[in-house]
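The values are calculated or read from the model by the stated rules, or taken from the named source; none is laboratory data. Only a predicted model underlies this, so the values are computations on that prediction, with no experimental measurement involved. Heads up, the Cβs are rebuilt from the backbone with ideal geometry, glycines too, and the neighbour counts pull from every protein chain shown.
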Amino acid sequence: MRRRSDWVSAFIFLLPLLFTLAIAFLYAFVRTVYFSFTDYNLFKVSQFVGFKNYLTLFKDSYFVLGLVHSLVYAAIVTATQTFLALLLAVVVNQRIRGLTFFRAAYYVPSIASSVAITTIFIWLVNRRGTVNWLLGLLVRYWPLMVTALIITALTQTIQVLWERRHGLPVKAWDPVLLLISLLVGSVTATILGRIGLIRPNPKVEVLIPWLTTRQTFLGIPLPLISIMILNIWTTTPTMMILFLAGLQDIPRELYEVADIDGATPWQKLRYVTVPALRPVMFLVITLGLIGTIQMFDQAAITAGIAPLESVITLAYYVYWAVFGAGTLPKVGMASAAALVLATLTLVVVLLQRKFGFSEKGWYS
Amino acid sequence: MRKFLLVFGLFAVATLGIAQETVTIRLAGYSGDTPLMQDVLSRFVNGVIPGVQVVWEPITEDYLAFVLRTLSAGTAPDIIYIDLYWAKTVVETGLIQPLDEFMAASPVISRDDLIPVLADAFTFEGKLYAISKDFNSLVIFYNKDMFDAMGVPYPSADDTWATFLDKIARVSNPPEWYGASINPDAARFLPFAFAAGMPFLKEDGMAPFDLPAAKIAADWYTAFNRAGIAATSADIGVGWPGAAFIAEKAAVCIEGGWLIPPIRNENPTLNFGATFLPKVWQGGPRGNYLFTVGYGMPVKPPSGRPDLVFKVIEVLTSPEVQEYILESGHAIPSRKALLDSPFFQQSDPFALATKTVFEATGLPGTVPFTFGDVGGSNYMGVVNEALTLIMQGEASVDEAMDEAAAKLNEKLGG
C-alpha cells in the first residue's frame, strides 16, 4: 500500500517535467515525423507524399554539402577541443601562482553570448582585420623572428652547458636561463635589424578573405575552418571545467605510486590521468559531438557574408528550408532533414560509445 | 453610506464600461522604426482615436520569418508591415485581408490618393492587400568636399557608366578615402543589370545571369573594387557602405533615402549631394529599384475589430501623419498630394537628397523590388556569391555568372 502511494507522489512530482516533455518534445517529434512524409508549407492542407521528401533531400546539392560539412566539422572540432580541454585542465589543475585568474580567463569565451562572440570574430577575420594584420607583421618580420629564435636557442645551450659544467644540475628549459636567453636573442635581433645586417621583408598587405571565399584547405572550405577555430575557442573552456572536476576526483595516491615507480609526467598523463577520466571523457566527447553536429548559430551569422555553399550545415539547412529562401516554407523537406540530423547524431554518438570512449570507468 | 455605495457603484460601472470599450491593437514593425513609431503613435493615435490603444511591438528577428510564423500559428498582430520584397509570398498564404472594402467605405483614404505605382505594387489578382506607408529608391550620394579636394566634377544625372567609373577613379585617395564603398550586393547590382537589358528571367523561365547583358553589368559593377578605387564596407571596417560614407571613408555610395536620417544624426555637417544612378551610355537607359513597405491586416486580427484596425491604418497613412514623417526626414510619403509639400522646396542638403530619391522613383527603368515566386533570397543569394567571387578575383565574370545561373536554375527546377 505504502509503495503505491510512493509511486503516486513520485509521479505527481514528475508530472510538470513529463508534461513539458510530452508537449515540447514528444508532440513536436511526432508532428515532425508526420510532416516529413507530407508536402506542407504551414498554410495549405498537408498532403501525404511518402518518402518523396527524403529522396529529394539526397538529390539536393546543398543538403549533401550540409551533411558532409556537419560530419567533418563534428570530427575535427570534437577531437581538437577534447584534446585542448584536457591539456588546459591538467595545466590549471597545478598549484601555480595566479591560478584563479587563469581559470577565469580561460572560461570567459564560454560564458559570452555566442552571437556576440561570432560578431567580434567576424571583425577579427575581416580582410583588413586583426588576424590579417598580424599575419602581415609575421610575413614582414619573420627573418628577424627566426634570427631571434636561433640566438635564443644558442644562448640557452651555452648557458645550460656552462652551468652543468660547474656542477649545477639545471634542466634544458630552466626558466631563469630561458628568460636571459630570450632577452639576449631579441635584443641582438633588434640590433642586427637596426644596423641593417638582417632586413625585414618589404611591407605587404595580407588580404586573406577568411569568410567571403570559396577557397578550400584540404578540401574543407576556408569559412568553415574559421568557424571551427571560433567554436574550438569558445567550447574548450566548458569542457575544461568538466575535466577539472574529473581531475579532482582522481586519488592522489595513484600519482604517488607512479612517482615511486619513476613515471615521467607524460606517462602519468597517459597511464593514470586519461584512464581515470574515462567517464568524463565520454561525457565531453558526447556533448561535443551533439553540439557540433547540430551547429547552427555560427553558420547562420556567417552565412550573411560567406557563400552559403561554404558554411551550410545540416542544422542551418533545416532553417534555410523553412525561412531562408524568401518563399513559402518547405516544411516537409525541413522536417525530413531534421530527422536525418537527429538520426545521424544518435548513430554517431552510439558509434563513438562502442568504438571510442564509453562511460565505464577503468576501475569498475 | 447608501449614497456612497450608489456613487461608487455608478463609478465602477462607468470605469468598467470605458475599460471594455478600449480596444488594444497590436502593431508590429521593424525594431529600427521604434523611436519614430512611438512618437507618431503618441501624437496621432493613442488618446486621439477614442477607444483605441495601439501597442508597438518592435521585431528584431527576420521579419518575413516572424510574419509566416505568427500567421500560421494564428498569433499575428493586428497590423503588420508588408514589404513589397516578399508581399506575394505572404499574400499567397490566404491569411492577409484585402483592404478594398474598407477603403471603399473610408472618407479619409481612397486608392486614388496613393501614388499609382505603390498601389499597383500591393495589388494581387485585383485586390489591394497593403497600404504603402512610404517608399524609396537608390541614388548616388557623394561627398562634395572630397570631389573638390581632388578637383573632380561631382557625379551628375548625365553620367554614364564610363564617366562615373572615371570620376570614382579620380576622386579615390586611399588610404584617406576610397572613391566609393561598394558591396557585392544584388540589391544594388540588379538595377544596373536590368538597365543593361537583363530580364528578370529568360523567356523559358530560366535564370538570366549567363546573358551578355548580365555579364557586362557584372563586369562594370565589380570593376571599382577590382581596380582598388572602391572597397567593401567590411574592408573599410564598418557595417554597411552608408556608414563608410558617413564616416568620410568613401566619396560615394549607392543607397536610398534611409541614409538621410543617419547622416543627420551622426555627421550633420557632412557636405554632401545626391544624384541619379548613371545611365548605361549617353542618352541610354537607367535602372533603379522601388522599395516600399505597407501596412496590412491578417484575415482574423486578434482584436476582433477589423474596422478599428483599418481606422488606425487610415490615421497612420493620413496626410497629417505623412507630412510629419516627411518633415522629420524619415521617409517619403505614399500620398500623391504630399509631393507638392513645401518640404521639397527647401534647399538644405537633406531636403534636396530626399527630393532626388523621390524623383528617381518616377524615372523610367525603375522596377519594384520584388521577386515573385522565385524567392528573393534564392535570386539574390546566387548573385551576391558571384559578385563576391569576381571582386576577390577568385572567378572570372564569365565563370561566376554562368555558375550563378546554374545554381538558380537548380533551385527553380527543385
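Some points to look at:
- Considering segment B:251-269, and only residues there that are farther than 21 Å from residue B:160 by Cβ and surrounded by 20 or more Cβ atoms within 10 Å (Cβ to Cβ), the residue that is farthest from the chain's Cα centre (by Cα) turns out to be B:263.
- Within segment B:89-105, the only residue that satisfies the criterion of being within 9 Å of another protein chain (Cβ to nearest Cβ) and charged (D, E, K, R) is B:92.
- Residues in segment B:382-400 that are exposed (fewer than 15 other Cβ atoms within 10 Å of the Cβ) and either at negative phi or without any contact (Cβ under 8 Å) to a residue 40 or more places away in the chain (or both) were compared, and the one that is farthest from the other protein chains (Cβ to nearest Cβ) is B:398.
- Scanning segment B:220-233 for residues that are in a helix (DSSP H, G or I) and either farther than 25 Å from residue B:264 by Cβ or away from every other protein chain (no Cβ under 14 Å) (or both) returns B:220, B:221, B:222, B:223, B:224, B:225, B:226.
- Any chance residue B:69 is away from every other protein chain (no Cβ under 14 Å) and buried (at least 16 other Cβ atoms within 10 Å of the Cβ): no
- Considering residues of segment B:121-141 that are of a type in the set (D, E, K, R) and under 17 Å from residue B:339 (Cβ atoms) only, the residue surrounded by the most Cβ atoms within 10 Å (Cβ to Cβ): B:133
- Here segment A:179-214 is the region considered, the condition is being assigned to a helix (DSSP H, G or I), crowded, with 17+ Cβ neighbours inside 10 Å and among the hydrophobic types (A, V, I, L, M, F, W, C), and the residue that is farthest from the other protein chains (Cβ to nearest Cβ) is A:184.
- Restricting attention to segment B:345-381, the residues being over 18 Å from residue B:140 (Cβ atoms), part of a helix (DSSP H, G or I) and more than 9 Å from chain A (Cβ to nearest Cβ) number 1.
- Residue B:410 being away from chain A (no Cβ under 14 Å) and among the charged types (D, E, K, R): no
- In segment B:234-244, residue nearest to the other protein chains (Cβ to nearest Cβ) [restricted to those that are over 18 Å from the mean Cα position of the chain (by Cα) and of a type in the set (A, V, I, L, M)]: B:234
- Of everything listed in (1) more than 13 Å from chain A (Cβ to nearest Cβ); (2) farther than 16 Å from residue B:25 by Cα; (3) under 17 Å from the mean Cα position of the chain (by Cα), the single unmet condition for residue B:81 is (2).
- Residues of segment B:190-233 that turn out to be among the aliphatic types (A, V, I, L, M) and without any contact (Cβ under 8 Å) to a residue 24 or more places away in the chain, as a count: 4
- Any hit, segment B:270-277, residues being surrounded by 18 or more Cβ atoms within 10 Å (Cβ to Cβ), assigned by TED's automatic domain parsing to the domain that holds residue B:391 and closer than 30 Å to residue A:302 by Cβ: no
- Where helices (runs of 4 or more DSSP H) sit wholly within segment B:113-183, those with at least 1 residues that are over 29 Å from residue B:390 (Cα atoms) and outside the structural domain of residue B:80 (by TED's automatic domain parsing) occupy B:144-150.
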